[in-house]
Amino acid sequence: MLLFDAHLDLAMNAMEWNRDLRWSVSAIRNSEKGMTDTPDRGNNTVSFEAMRKGKVGLCMATQIARYSKPNNPLPGWNSPQQAWAQTQAQLAWYKAMEQEGHLTQITDNSTLDAHLARWEESQLAHPIGYILTLEGADSIVDLGYLEKSYRQGLRAIGPAHYGPGTYAYGTHSIGGIGTKGKALLKEMERFNLILDVTHLCDESFWETLDNYHGPIWASHNNCRALVNHTRQFSDEQLKALIQRKAVIGLALDAWMMVPGWQRGISLPEKMDVGLKNMVNHLDHICQLAGNTDHVGIGSDLDGGFGTEQCPADVDTIADLQKIPELLAQRGYGAMDIVKVMHKNFLDFLHRAWSRPVH
Ligand SMILES: [Zn+2]
């Protein structure tokens, strides 16, 4: 069954981890033997081949680059212009993969419908569809750059990532969106961009909800009720998102799935973290909503972590095809499973993209 993955850092892996996603997962692992620059070396789970095997025929693919002001302890570029250039390098890689027939860019309902029809027909012969999303908006130097990005196919923006951003405060920071954030949201509305509330700190989250009138989703988020951390959404936040017709993509970063995870110490097998835990978070949202209309998958696989911090039953992204069976075991019906795997996000896109762009 087609899987829509709402969050994959494909170009970040290519351009910052130096991973050629045309190679198999095992070939990439072999090439990283002995490397210690990041904890996830040799533990990668994503390649085009593995995506095909997992029937990930369509995904949200990120551009991501942080601008770190002098007092920001997080790593990042020293100017928004450098961050912009990095996102442009990432875009150049997506375009090169289009040239090679591995990817095809989706930007509106007609390209979406054509892609879905062709994918249905012959999955192996057809490129994987991707929709550009920006994780953290620091690289938008000024609002003129937003228009440039829109013309390049950008269709969703998460205003902040980790730490204080130019337009909002992200995970592990505290603050509102200010005048710059409000101006960004206004311009996003003009282009009918999807607002991704993932990573917004609580204050920025609520201000954003009050100020944005366009389509809203959360690409990769889990529940605070199950794992208590500000990176996760409280029930109150989830209910507000449900009211706004959002879809929430469940994420597969182990620390967000089970309580008590210690980075670099805990092991997936020992912590007994599996896709079943993802289903717990998913089920929690469905219980709050009273239906299965607001959940999907935003795996974030290879988003700065690999098998060392993944569900134990995920070796590659192809293992996401275990999800339908797990949902069936928990009493989810055939239509509910289709909604989780792709339909909720596809319906959202169809709805969002039927609105006019000003
Ligand atoms: Zn993220």
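The values are calculated or read from the model by the stated rules, or taken from the named source; none is laboratory data. Nothing here was measured: the structure is a model prediction, and the numbers come from that model. Here the Cβ is made from the backbone with ideal geometry for all residues, glycine too, and neighbour counts use every protein chain on show. For accessibility, only protein heavy atoms count, side chains too; no ligands or nucleic acids. Shrake-Rupley method; radii C 1.70, N 1.55, O 1.52, S 1.80 Å.
Quick rundown of the values:
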| item | result |
| --- | --- |
| Residue in segment 8-22 that is away from the ligand (no atom under 16 Å from the Cβ) and over 21 Å from the mean Cα position of the chain (by Cα) present | no |
| Scan of segment 33-47 for residues that are at negative phi and open to solvent by 10 Å² or more (accessible area, probe 1.4 Å), ordered by number | 33, 35, 36, 37, 38, 39, 41, 43 |
| Scope segment 68-91; condition under 15 Å from residue 154 (Cα atoms) and loosely packed, with under 13 Cβ neighbours inside 10 Å; matching residues | none |
| Residue list for segment 136-179, filter: part of a helix (DSSP H, G or I), touching an Asp or Glu at 6+ places or on another chain (Cβ under 6 Å) and either in contact (Cβ under 8 Å) with a residue 60 or more places away in the chain or crowded, with 16+ Cβ neighbours inside 10 Å (or both) | 146 |
| Single match in 264, 176 (criterion: under 24 Å from residue 307 (Cβ atoms) and of a type in the set (Gly, Ala, Ser)) | 264 |
| Test: residue 333 is without any contact (Cβ under 8 Å) to a residue 24 or more places away in the chain and open to solvent by less than 40 Å² (accessible area, probe 1.4 Å) | yes |
| Matching residues in segment 92-110 - criterion: being within 25 Å of residue 346 (Cβ to Cβ), open to solvent by 30 Å² or more (accessible area, probe 1.4 Å) and in a helix (DSSP H, G or I) | 95, 98, 109, 110 |
| Tally of residues being polar (S, T, N, Q) and either without any contact (Cβ under 8 Å) to a residue 12 or more places away in the chain or within 16 Å of the ligand (Cβ to nearest atom) (or both) across segment 117-135 | 2 |
